[in-house]
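Here the structure is laid out as structure tokens; the discussion comes afterwards.
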Amino acid sequence: MPKTLANRDKLDIMSVLSSVSVPLGKTVRALSRLRGGGSAFPGLVVERIDPGFMARALRNLPHGVIVVSGTNGKTTTTKMVVELLEGQGLNVFTNRTGSNFTRGVAAALLGDVDWRGRLKADVAVLELDEAHAVHFVNLVPPTHCLLLNVLRDQLDRFGEIDKTTRLLEQIAVKTTGTVVLNREDPRVASIASSVRSASVAYFGLDESLRSTFPSDDDLRGATGTAPASSLPADVVLESVNSNTATFSMDGETSTIELSLRGVYNIFNAAAALAMARIILGGNAKRAEMLSSLAAVEPAFGRGESLVVDGQPLELVLVKNPSGFRLGLKSFDAAGYATMIAINDNYADGRDMSWLWDVDFDSLRNDGVDMVSGVRAYDMALRLQYDDVAARDIDPDTGSALRTFISRAKGQPKRIFCTYTAMLAIRRDLSKITDVKVVS
Amino acid sequence: MTSGAQESTPVHSNSAHKGTLRILQLYPRDMNIYGDWGNVLVLKQRLAWHGYDAEILEHNAGDTFPDDVDILIGGGGQDSGQVVIQQDLQSNAAHLRALAEDGTPMLAICGLYQLFGNFFKTHDGTVIPGISILDIETHGGSERLIGNVVARSEEFGDIHGYENHSGQTYLGPGVRPLATVTKGEGNNSSEDHEGARHLNIVASYLHGSLLPKNPAIADFLIREAATRKFGSFEPGDVDDSLAELARRHAATRPR
Ligand SMILES: [Zn+2]
């Protein structure tokens, strides 16, 4: 049989498959929504019965498919890229629910495609977990990728950070258009040499800021900072003062005030700007982009601010030494009541070693009001060795939160917490204040 | 529920200054993954709490090896780190063996534990020579041994930590195990022991970091070092109630 005929048969089978799998997937999705169940299950169903579904839905988007990955800041960066592109009038598909696995993308797609499996969007911006991104890019080669950093995170899952680098490298290798890299992270920058079919662009930091962003190789600061990078960057973060940031692009600097807080979020804003400018090309309108960026609110748990008893309560997600260190650096402890909640569930990582790579000196003056979580005593022990007073310890996050809030009445509060501790704390906080519901 | 151990920061001002001990951190640049700094910090702080001063030194590949070292401490690394330090380690092997034979307290964790042995044979058959301070050999395995560990030692009591290694380590007759595993895998997946003890060397796969939750090991290293240098060790009053609570909670965690 001639090849063309075989291909046509294949296409017919595809459309038949779509006509079955999409309605079925959508039905499963609707049913699991009704049950209030998990968002990824329908994705699993459609992935099983129709593995080509995603590739078909995502191909031929006019501005392509962008994959955002890295250890820290994926969720907020993805949100920024989406809002930057939407601000320029593009219709963006994204996996908003924070389900950053392949089947999470499939599930999100099921919600947005028509009954024939076609997606009405100009571009897809997808946050992918580094371990699962490889599976995804093998199914759907991205046109662009934005790789943020490789930090010690969940080593019990990946074994070694060099291995994480190789995972990100595979995303870059599969990318067909442009690979955007963090030039300040030596592991991420090194990926450039493996890129064959795409072009490479960078985002970066001004030299004056480099010491603020230690890589894992000089986490303790004892061995000095990384050598100044000579790679050309499309967007450079020049300076940060609280939440006012100056970026330079094309040799021109712009200063804006961001709703986002935290130095690391603001550096990722440079990443998002670089990515969005590449997608938009000559159509990028600088002033509009900066005002879109200024308006971006932090994603769930990434420095979000709630109000309790008329005082701000900030939740800061910490999940690896660099993130914790930057969190401590970004948010001044003075005047704040501080709580730290450390869990060691699977999603947090079971190994507590990382706490020993964070310096807690900045908390020494005011001390810590409450230490909580499954590993509260590991955390309190860590503070003891940095001569930081822990005024109260209670492994139960529920009762710890109540004690913390009642003792720190009239004071702004800040809680540093690991992922599952944050879920528990948000659940408890939603009973006493407005907390955005994350589906 | 609120614990009684809230006033967690012991006050140790006006320490008696019973003398200074020099702690040498081996290859912190290339071999300090998974919280190895915690072990150095614990030695430094406990020395202060016991009334001694600590001087922290570093030796990285290519540096001149310092004199008058009282405690040596080395940690884990990625495979790439082990390659970087290989030549430097071999060129200092004789000196390190002499220090060990002389009774210098040493703590070798994970990657450096392996390199303190006779050799590391990787999965593809490459043999990386060690420095033979410890009579052990390590064979690269296909699975990674990962998770919480509890191991019982007559010398130090229960040892709590976290393992993450693919090397399978076997002890020769020249060393004894550090402890017997009651949860986890330890040195290899076929035997039930963890780590190695020899002379004043404590070697282990355990991160956690090891010393914070196992102050008995930290104080062993300090006691031996002080006794060698000053003839005796006069302990101070150290509050280990938080370490005790952290140990108790760690013991209840899943693998
Ligand atoms: Zn290790």
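The values are calculated or read from the model by the stated rules, or taken from the named source; none is laboratory data. What you see is a predicted model; the values in this text were computed from it and never measured. Note that each Cβ is placed from the backbone with ideal geometry, even for glycine, and that neighbours are counted across all protein chains shown.
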Problem - Meets criteria (more than 16 Å from the ligand (Cβ to nearest atom) and aromatic (Phe, Trp, Tyr)) for residue B:37 - result: no
Practice task
Report yes if residue B:152 is of a type outside the set (Asp, Glu), within 16 Å of the ligand (Cβ to nearest atom) and free of Cβ contacts under 8 Å to residues at least 40 places away in the same chain, otherwise no.
Solution key: no
Problem - Filtered residues of the stretch B:154-172 (kept if more than 16 Å from the chain's Cα centre (by Cα) and at pLDDT below 95) - result: B:166, B:167
Exercise for the section: Please determine, by comparing only the residues of the stretch B:124-143 that are farther than 18 Å from residue B:31 by Cβ and without any contact (Cβ under 8 Å) to a residue 24 or more places away in the chain, which one is farthest from the ligand (Cβ to nearest atom). Expected result: B:125
Handout entry: Qualifying residue in the stretch B:166-174 (condition: under 15 Å from residue B:110 (Cα atoms) and surrounded by fewer than 19 Cβ atoms within 10 Å (Cβ to Cβ))
Key = yes
Handout entry: Number of positions in the stretch B:81-122 that are more than 16 Å from the ligand (Cβ to nearest atom) and within 14 Å of chain A (Cβ to nearest Cβ)
Key = 0
Handout entry: Total residues in the stretch B:24-56, condition without any contact (Cβ under 8 Å) to a residue 40 or more places away in the chain and more than 10 Å from chain A (Cβ to nearest Cβ)
Key = 3
Fill in the blank from the handout: residue B:112 vs (1) modelled with pLDDT of 95 or more; (2) buried (at least 18 other Cβ atoms within 10 Å of the Cβ); (3) not in a strand (DSSP E or B): all pass except (1)
Exercise for the section: Considering every residue within the stretch A:413-420, establish whether at least one is closer than 30 Å to residue B:145 by Cβ and in a helix (DSSP H, G or I). Expected result: yes
Exercise for the section: Check whether at least one residue in the stretch A:163-176 is modelled with pLDDT of 90 or more and outside any helix (DSSP H, G or I), and report yes or no. Expected result: yes
Handout entry: Residue, modelled with the lowest pLDDT, within the stretch A:227-260, restricted to residues that are among the polar types (S, T, N, Q) and farther than 23 Å from residue A:288 by Cβ
Key = A:229
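State all residues of the stretch A:322-348 that are part of a loop (DSSP other than H, G, I, E, B) and touching a helix residue (DSSP H, G or I) at 6+ places or on another chain (Cβ under 7 Å); if no residue qualifies, say none.
Narrowing the stretch A:322-348 to residues part of a loop (DSSP other than H, G, I, E, B): A:331-336, A:342-345.
Within the stretch A:322-348, A:333, A:342, A:343, A:345 qualify.
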Problem - Subset of the stretch A:348-394 [closer than 22 Å to residue B:34 by Cα, out of contact with any Lys or Arg (no Cβ under 9 Å at 6 or more places or on another chain) and surrounded by fewer than 19 Cβ atoms within 10 Å (Cβ to Cβ)] - result: A:361
Exercise for the section: Return only the number of the condition from (1) crowded, with 19+ Cβ neighbours inside 10 Å; (2) among the basic types (Lys, Arg); (3) more than 9 Å from chain A (Cβ to nearest Cβ); (4) not in a strand (DSSP E or B) that residue B:223 does not satisfy. Expected result: (1)
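Residue-wise test of (1) farther than 17 Å from residue B:227 by Cα; (2) more than 16 Å from the ligand (Cβ to nearest atom); (3) not small (Gly, Ala, Ser).
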residue: B:45; (1), (2), (3): yes, yes, yes
residue: B:58; (1), (2), (3): yes, yes, yes
residue: B:61; (1), (2), (3): yes, yes, no
residue: B:68; (1), (2), (3): no, yes, yes
residue: B:77; (1), (2), (3): yes, no, no
Exercise for the section: Would you please name the residue that is surrounded by the most Cβ atoms within 10 Å (Cβ to Cβ), looking only at residues in the stretch B:64-80 that are within 12 Å of chain A (Cβ to nearest Cβ) and either farther than 19 Å from residue B:133 by Cβ or over 18 Å from the mean Cα position of the chain (by Cα) (or both)? Expected result: B:78
Exercise for the section: Please verify whether the stretch B:141-150 includes one or more residues that are more than 14 Å from chain A (Cβ to nearest Cβ) and crowded, with 20+ Cβ neighbours inside 10 Å. Expected result: no
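Tell me, which residue of the stretch B:155-167 that is in a strand (DSSP E or B) and more than 14 Å from chain A (Cβ to nearest Cβ) is farthest from the ligand (Cβ to nearest atom)?
The initial filter retains those residues of the stretch B:155-167 that are in a strand (DSSP E or B), namely B:157-167.
Then keep just the ones that are more than 14 Å from chain A (Cβ to nearest Cβ); that gives B:157-159.
Working: B:157: 23, B:158: 21, B:159: 16 Å.
Looking at the filtered set, the residue picked out is B:157.
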Problem - Matching entry among A:370, A:422 (being more than 14 Å from every other protein chain (Cβ to nearest Cβ) and of a type in the set (A, V, I, L, M)) - result: A:422
Fill in the blank from the handout: If you go through B:227, B:180, the only one that is of a type in the set (Val, Ile, Thr) and more than 21 Å from residue B:43 (Cβ to Cβ) is B:180
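Could you go through the stretch A:375-397 and let me know if any residue there is more than 11 Å from chain B (Cβ to nearest Cβ) and either modelled with pLDDT of 90 or more or touching a strand residue (DSSP E or B) at 6+ places or on another chain (Cβ under 9 Å) (or both).
Of all residues in the stretch A:375-397, those more than 11 Å from chain B (Cβ to nearest Cβ) come to A:397.
From what is left, the residues that are either modelled with pLDDT of 90 or more or touching a strand residue (DSSP E or B) at 6+ places or on another chain (Cβ under 9 Å) (or both) are A:397.
Yes, there is a match, as at least one residue in the stretch A:375-397 is more than 11 Å from chain B (Cβ to nearest Cβ) and either modelled with pLDDT of 90 or more or touching a strand residue (DSSP E or B) at 6+ places or on another chain (Cβ under 9 Å) (or both).
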Practice task
Please work out which one of (1) buried (at least 22 other Cβ atoms within 10 Å of the Cβ); (2) away from the ligand (no atom under 16 Å from the Cβ); (3) at pLDDT 90 or above; (4) closer than 24 Å to residue B:242 by Cα is the condition residue B:49 fails and give its number.
Solution key: (1)
Completion exercise
Selection over the stretch B:168-213 where residues are in a strand (DSSP E or B), within 16 Å of the ligand (Cβ to nearest atom) and within 14 Å of chain A (Cβ to nearest Cβ) yields a count of 2
Problem - Total residues in the stretch B:237-252, condition under 19 Å from residue B:39 (Cα atoms) and either more than 9 Å from chain A (Cβ to nearest Cβ) or in a loop (DSSP other than H, G, I, E, B) (or both) - result: 4
